[in-house]
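Report on the structure given below.
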Amino acid sequence: MINKLFLTGFIFFTVMNAFAQESDYEKIKKLFEEFEYEKTIQLSTDLINKEVLSDSALVNIYLMRAVSFYAVGNEALSRKSFQNILGLKNNFIPDPSKISPKLIALFEEVKKEALSEKPVNIANPVDISEALKFADERQKLIKNAFVKNLILPGWGQLHVGNDSKGWIVSGLSAANLGAMIYFLRDALTKENDYLKETDKLRIEQKYSAYNKSYKMRNVFIVSYLLIWIYSQADLLFFSDNEPFSNISSFSSAFQFDNLTDRALLTFRFPLSVK
């Protein structure tokens, strides 16, 4: 009778433990799919330390950890996660549809270096704490930079330490903004002068002056918008890169033809990083 009760209790405990593991695993998976990388790291650390999981579940968890660590800027712990995967399954092949080419290249590096090594232990709490702290600081830095860049293009680049490009873009933005404001007011003034003019001989002259100022206003509005878009894209997609070594190739040119009343504004931006 006692043996039956013990066996029943053991089976019940095993089943409940399996359900708990599955529930935690689904939480981790959901957090990962929602790009909550810091929480994915935290919860997966607790699960690995507290539970005995199957190899297949561990491989999936370590893969999510590898991506999460890489996303928060900690390549070292991403490598450790790949090493753990290879320790569990040395013929593991990452799915290109699930992780980026950069991570696949990193995995291949780790595989060449440590395929024959034993899986390393999970990162200790100090490593996790440092990784999360670094991710939090990095997130605040990018958030503040993005807000500043919304106010004045180039200010965000200065905030993240990209001084060369930041000074050029912010200087160009400020100059363009000043010119835009000037021609906004100038066009409005000349429009009022044109509408108030009663002398037929001067109406055409006033209209021509207003028309030129109006076109200049539109040129600077469009050019400021282009600078703004470029600056936001650069901050979002290149904020982790080194400053452009060929920043001197950034240039602009403006021409206005008085005979045809046509304005031409051109920009050249660096498209590659050395």
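Derivation of every value follows stated rules applied to the coordinates shown; laboratory data play no part. Since this is a predicted model, take the numbers as computed values, not measurements. Because the Cβ atoms are built from the backbone with ideal geometry, glycine has one as well, and the counts that use them run over all protein chains shown.
Rank these for me by crowding, E34, E130, going from fewest to most other beta carbons within 10 Å.
Ranking E34, E130 by Cβ neighbours within 10 Å, fewest first, gives E34, E130.
What is the order of R65, R202, R138, fewest Cβ neighbours within 10 Å to most? Before the final figure, lay out each step's value.
Values: R65 27, R202 12, R138 16.
Going from least to most buried by this count: R202, R138, R65.
Starting from the eigenvalues of the Cα gyration tensor, five times each then square-rooted, give me the equivalent ellipsoid semi-axes of segment 41-83, largest first, whole Å. Can you show the working numbers first?
Details: eigenvalues 65, 24, 11 Å².
Listed largest to smallest, the semi-axes of segment 41-83 are 18, 11, 7 Å.
According to a simple spin-label model (label point 7 Å from Cα along Cα-to-Cβ), what is the distance in nm between K215 and L184?
Between L184 and K215, the label points sit 2.2 nm apart.
Each residue of segment 58-71 in order: what ³J(HN,Hα) in whole Hz does its phi give by Karplus 6.51 cos²θ - 1.76 cosθ + 1.60, θ = phi - 60°, with x for Gly and Pro?
5, 4, 5, 5, 5, 5, 5, 5, 4, 5, 5, 4, 5, 5
Under a point spin-label approximation (7 Å from Cα along Cα-to-Cβ), what is the K196-E130 distance to one decimal in nm?
7.1 nm
Between A57 and S164, take the C-beta separation as r, use R0 = 45 Å, and let me know the FRET efficiency to the nearest 0.05. Walk me through the intermediate numbers first.
On the way: r = 48 Å, r/R0 = 1.06.
Rounded to the nearest 0.05, the efficiency is 0.40.
What are the ³J(HN,Hα) values, in whole Hz, obtained from phi via the Karplus relation 6.51 cos²θ - 1.76 cosθ + 1.60 with θ = phi - 60°, for each residue of segment 72-85 in sequence order, with x given for Gly and Pro?
8, x, 10, 5, 4, 6, 5, 4, 4, 5, 5, 5, 5, 4
Please rank V222, V160, V52, fewest neighbouring Cβ atoms within 10 Å first, as an exposure proxy.
Values: V222 13, V160 20, V52 8.
Least to most surrounded, the residues fall as V52, V222, V160.
Just list whichever of K29/K98; K39/K80; K27/K50; K190/K215; K111/K133; K27/K111 have alpha carbons separated by over 21 Å in the model shown.
K111/K133; K27/K111
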